[in-house]
Each structure stands twice: as C-alpha cells, then as structure tokens.
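Asks: Please find one structure pasted underneath; my questions will follow.
No lab work stands behind these numbers, since they all come straight from the coordinates. Please read these numbers as outputs of a predicted model, since none were measured by experiment. We place every Cβ from the backbone using ideal geometry, glycine too, and count neighbours over all the protein chains shown.
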C-alpha cells in the first residue's frame, strides 16, 4: 500500500471581491506519495502559488478536501494547523527570507528554537550542523547572509527548511533570483535531497528545471491540464 502524505480531492479556491469572483483553482485532484519529486508549472496567475499555499496550510480551499498524513485539515484549528506545518512541512522561497542580523547557524536553527518540542542546545547544534553539511555549507556557519552569494543563501534557506526533518519540502521558484550556474547548483541539491528520501513539491516557471522532477504537473487558469510521469531512472 502506497503512502500518500498529501492528498487533495476536488479542491477549489475562489477569491471574492466586490467587483469580481476569481477562481484560482478548480477541482484539483492530487496525490503526493512519500519520496515523490513533483514540479508545478504554468503561466503567471494560473494558480501555482495558491496551490502551494494550500499544500503548506497557509491558506484553506473554498471547497474539496485536503488530507495530510490522513488528517483532514478542515478539522484542524489554528494551533493544530501550525503544529503540523512546523513539524511536517519545510518551505523554500524565491526570496530566501534569511534574517540578516543572524548568523548562518542561527538562521538554520530558528525552526528548532521555535518548535513546540523542547530541544537541548546540543540537540539543536547536531541538527543544524547535519543540515548544513547536507547542503555543503557547514564551513559558512559563522557568516552572515550578506556575506554570501545568492546561491549560497538559497542553500542556507534549504538547510533551514530541512532542519526539522519535514515530511515534505515545498519549494517556490527556488532559482528565480539566481544566475544559471547558481540555479543549476540548487537544483542539483534538490535532486540529491530527493534521492535521500525527501518528498519535494516545487513551483517553477523554468521548463528546464521542471523537467528535473519525476512527476510534472501543469496548471492553466486554475485547472490541472496535464500530468506527466517521467521514468525515475532517467
């Protein structure tokens, strides 16, 4: 029996204003299996970011059901949603979202220090260093974000996203602010993380990077118009 940590059934999202009703997503059905690498692509305004926000429990669908580890998110209150988000989901953003006043080590340690689970200083250090080693940035632990290149900052952002060992990594345009060489390095890192068992769901506008995923999804006007599963051995 396959493990589907994420499952969406007939999910739609409608934004209402005084003048217009916008259907951001329409009847989305999606199952993400543990260990999958999924890319979501499509034109600007097609619903990619809305879908990622719903997957990350940052927004709620207007209709349909969303299950994460067999829990219907509609049954969760604010604190329960935050707990699942903090424990099971890692986020990587286009803009890095690192805190300039904190060292690399302290940026990566933030999710652990704000976790509901109390961790000792030694446990936090072990987790942070393991994450930094995974992205080959342990030698930069004492540096600050403004001392790093864009590619290095994104690797630090990935280390922060995986430090609490999430079930799934949600990645929003990870190469959007990077040159092609740095972008290629970040994509190679994501592929390596996936080979080590991390489930990845990535939004990207770059067709070349979308092809790195084993499963490619395309959205058009809020509708999933194509799903392509590639040979994972390629």
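Asks: Which value in deg cm²/dmol, rounded to the nearest 500, describes the helix-derived mean residue ellipticity at 222 nm for the chain, given -39,500 (n - 2.57) per DSSP H run of n ≥ 4 and division by the residue count? List each step's numbers first, then the result.
Replies: Working: 7 runs with 76 residues, N = 234.
The per-residue figure over the chain is -10000 deg cm²/dmol.
Asks: Cβ neighbours within 10 Å, averaged per peptide: list 194-204, 136-146 in order, most packed at the top.
Replies: Details: 194-204: 19.8, 136-146: 15.5.
Result, highest mean first: 194-204, 136-146.
Asks: Quote the relative contact order of the chain in percent (integer), defining contacts as alpha-carbon pairs under 8 Å separated by 6+ residues.
Replies: Numbers: 430 pairs, mean separation 66.9, N = 234.
It rounds to 29 percent for the chain.
Asks: Give me the number: length gained by fully extending residue 139 to residue 22, i.e. 0.36 nm times residue separation minus the C-alpha to C-alpha distance, one decimal in nm. Don't skip to the answer; put the middle values down first.
Replies: Values: separation 117, 0.36 × 117 = 42.12 nm, distance 4.75 nm.
Separation in residues times 0.36 nm, less the Cα-Cα distance, equals 37.4 nm.
Asks: If I fit a long axis through the Cα atoms of helix 104-113 and take the longest principal axis of the Cα atoms of the chain, what angle between them do I get, 0 to 90°, rounded to 10?
Replies: 60 degrees
Asks: With N residues in the range 66-160, what two-decimal value do you get for its Cα radius of gyration over 2.2 N^0.38 Å? Each step should come with its number before you reach the end.
Replies: Numbers: Rg = 14.9 Å, N = 95, 2.2 N^0.38 = 12.4 Å.
Dividing the Cα Rg of the range 66-160 by 2.2 N^0.38 Å gives 1.20.
Asks: Shifting gears a bit: Between the range 193-215 and the range 116-139, how many Å separate their Cα centres?
Replies: If we compute the Cα centre of each part, the gap is 24 Å.
Asks: Here is a further query. Only bridges whose two residues both fall in the chain count here: according to DSSP, what percent of them are antiparallel, nearest 5?
Replies: Numbers: 21 of 38 bridges.
Percentage antiparallel, nearest 5: 55.
Asks: I've got another one for you. Under a 10 Å cutoff between Cα atoms, tell me which one of 60, 147, 220 has the largest fluctuation in the Gaussian network model of the chain.
Replies: Of 60, 147, 220, the Gaussian network model singles out 147 as fluctuating most.
Asks: Right, another one. Suppose R0 equals 30 Å. What FRET efficiency, 1/(1 + (r/R0)^6) with r the Cβ-Cβ distance, do residue 123 and residue 78 give to the nearest 0.05? Write down the numbers at each step before the final one.
Replies: On the way: r = 27 Å, r/R0 = 0.91.
With R0 = 30 Å, the Cβ-Cβ based efficiency is 0.65.
Asks: Specify the angular offset, from 0 to 90 degrees and rounded to the nearest 10, of the alpha carbon long axis of helix 150-162 from the longest principal axis of the alpha carbons in the chain.
Replies: Roughly 80 degrees, rounded to the nearest 10.
Asks: Next up: Compute the acute angle (0 to 90°) between the alpha-carbon long axis of helix 180-195 and the principal axis of greatest extent of the alpha-carbon atoms of the chain; round to the nearest 10°.
Replies: That works out to roughly 80 degrees.
Asks: Another question about this same structure. Which option, (1) 58, 34, 27; (2) 49, 45, 39; (3) 46, 43, 33, is the value of Cα extents along the principal axes in Å that was calculated from these coordinates?
Replies: Here the calculated entry is (2).
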